[in-house]
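First the structure, in the form of structure tokens, and then the observations on it.
Coordinate-derived values only; no laboratory data. Remember, predicted model here, so these are calculated numbers, not experimental data. Because the Cβ atoms are built from the backbone with ideal geometry, glycine has one as well, and the counts that use them run over all protein chains shown.
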Amino acid sequence: MSVLVTGGAGYIGSHMVLALVEAGESVVVVDNLSTGFSTSLPDGVPLFIGDAGDENLVEGVIAAQDVKSIIHFAGSVVVPDSIRDPLAYYRNNTMTTRSLLKAAVKSGVNQFIFSSTAAVYGNPDKVPVPEEAPTRPLSPYGSSKLMAEIMLHDVAAAHGMKYVVLRYFNVAGADPQARIGLATVGATHLLKIAVEAAVGPRAKVDVFGTDYPTPDGSCIRDFIHVSDLAQAHRAALAYLRGGGASVTLNCGYGRGYSVLETIEAVRRISGRNFAVQHGPRRPGDIMAMIADTSRLRTALDWTPQYQELETIVAHALAWEQKLVRERQSELQHATSA
Ligand code: UDP
């Protein structure tokens, strides 16, 4: 009996695979390696290189590996890219989920965990945001995920499937042992940018807006450690295996840090006083995003371990330092060869 993880070679997916393997689960990965790395997978985990929306591939994998549940991460996640190229997002997020669901229904897989996002809420009327808040996405990214959520809901009702939709807030940090982390080149996420400025070649961090009506004028986010998020998925799997009803859950800690506080934490913990430049607002940014986590904490048996911002930053820094060391040694090999 296996768990299929789509996008298992990516940032969050690879932490999921590690958590499952460490829990003694049998795991199989489908990933097209468009942004992921096969080296992020633990030894012995079967990787099928291809699209999660390739029905033939997925049906073959389900049959060959005795897949009983699917955790679906594969997709595209960069909000500005989705505004530039919406059709790519409707293909990679919405259509891929449709094909994957079709393969799941045809193969009788009836436990499905879906990676969704706080972007489905758009600008919330109030924070913390509960799951029943109106969904008014501001980007094709958010819309593409919301459409997939709706499809999953309908398919589950028609075909006896049970699902957990997890709406992620700001995922950050890295494996506490620095075995894996966010390796994508050109990542746009705040914490990644700040740790790159602290240990890598990045010259400065731009702050997108300091004139918001928040205590320090910058936006506020609810950062969740990627390893805690992976454990929330394990808890969701246990919930479905125990016969739990389909449910949608916010994934955050229920507290917010401002952009300036986050950057300051990276400066303090790294001991590097990198340049920070205050600039104009970034179009489409939401002022404050904090999860109401009551439903998550009630529904799932989940105890987060890495809630402190200091811990998230320390793990992100350790991973970034490792990446820099690896790149330096690759460069040395290339020049001495
Ligand atoms: N941000 C920033 N500088 C950067 C990257 C991000 O000031 O170089 C801000 C961004 O405007 C937002 C917050 O950090 O207010 C989180 O942005 P991110 O892209 O990490 O995630 P989002 O919340 O947009 O999904």
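Output the residue which, of all residues in the range 39-53 that are in contact (Cβ under 8 Å) with a residue 40 or more places away in the chain, small (Gly, Ala, Ser) and farther than 9 Å from Leu18 by Cβ, is surrounded by the most Cβ atoms within 10 Å (Cβ to Cβ).
Of everything passing the filter in the range 39-53, Ala52 is surrounded by the most Cβ atoms within 10 Å (Cβ to Cβ).
Quick grid of which residues meet (1) surrounded by 21 or more Cβ atoms within 10 Å (Cβ to Cβ); (2) away from the ligand (no atom under 16 Å from the Cβ); (3) under 17 Å from Ile224 (Cβ atoms); (4) free of Cβ contacts under 8 Å to residues at least 60 places away in the same chain:
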site: Val276; (1), (2), (3), (4): no, no, no, no
site: Ile290; (1), (2), (3), (4): yes, no, yes, no
site: Ala299; (1), (2), (3), (4): no, yes, yes, no
site: Ile312; (1), (2), (3), (4): yes, no, yes, no
site: Gln321; (1), (2), (3), (4): no, yes, no, no
site: Val324; (1), (2), (3), (4): no, yes, no, no
site: Gln328; (1), (2), (3), (4): no, yes, no, yes
(request) Please work out if Ile290 is in contact with a Pro (Cβ under 7 Å, 6 or more places away or on another chain) and among the β-branched types (Val, Ile, Thr). (result) yes
(message) The conditions are (1) small (Gly, Ala, Ser); (2) farther than 30 Å from Ala194 by Cα; (3) buried (at least 24 other Cβ atoms within 10 Å of the Cβ), and Ala174 fails exactly one of them. Which is it?
(response) (2)
(message) So Gly254 passes all but one of these: (1) part of a loop (DSSP other than H, G, I, E, B); (2) over 18 Å from the mean Cα position of the chain (by Cα). Which condition number does it fail?
(response) (2)
(message) Looking only at helices (runs of 4 or more DSSP H) that lie completely in the range 1-86, which have at least 2 residues being under 19 Å from Val171 (Cα atoms) and in contact with an Asp or Glu (Cβ under 8 Å, 6 or more places away or on another chain)?
(response) 11-22
(request) Take the range 137-180 and flag every residue that is under 18 Å from Leu249 (Cβ atoms) and acidic (Asp, Glu). (result) Glu149
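Looking at the range 197-251, which of its residues are part of a loop (DSSP other than H, G, I, E, B), of a type in the set (S, T, N, Q) and within 22 Å of the chain's Cα centre (by Cα)?
Scanning the range 197-251 gives a single hit, Ser246.
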(message) For a quick check of your reading of the model, give me the residue pairs whose first member lies in the range 188-208 and is over 12 Å from Val259 (Cα atoms) and more than 6 Å from the ligand (Cβ to nearest atom), whose second is aliphatic (A, V, I, L, M) and assigned to a strand (DSSP E or B), with beta-carbon atoms closer than 8 Å and at least 6 apart or on different chains.
(response) Lys192/Ala172; Ala197/Val205; Ala197/Ala275; Ala203/Ala275; Lys204/Ala275; Lys204/Val276
(request) Please work out which residue is nearest to the ligand (Cβ to nearest atom), limiting yourself to the range 252-274 and to residues that are within 25 Å of Ser115 (Cα to Cα) and not charged (D, E, K, R). (result) Val259
(message) For the range 133-171, which positions are among the basic types (Lys, Arg), crowded, with 21+ Cβ neighbours inside 10 Å and not in a helix (DSSP H, G or I)?
(response) Arg167
(message) Among the listed residues Val29, Val21, Val61, Val17, identify the single one that is surrounded by fewer than 20 Cβ atoms within 10 Å (Cβ to Cβ) and in contact with a Pro (Cβ under 9 Å, 6 or more places away or on another chain).
(response) Val21
(request) Quick one: count up the residues across the range 112-147 that are among the basic types (Lys, Arg) and away from the ligand (no atom under 15 Å from the Cβ). (result) 2
(request) Specify which of the listed residues (Ser294, Ser336, Ser258, Ser227) is of a type in the set (S, T, N, Q) and touching a Phe, Trp or Tyr at 6+ places or on another chain (Cβ under 7 Å). (result) Ser227
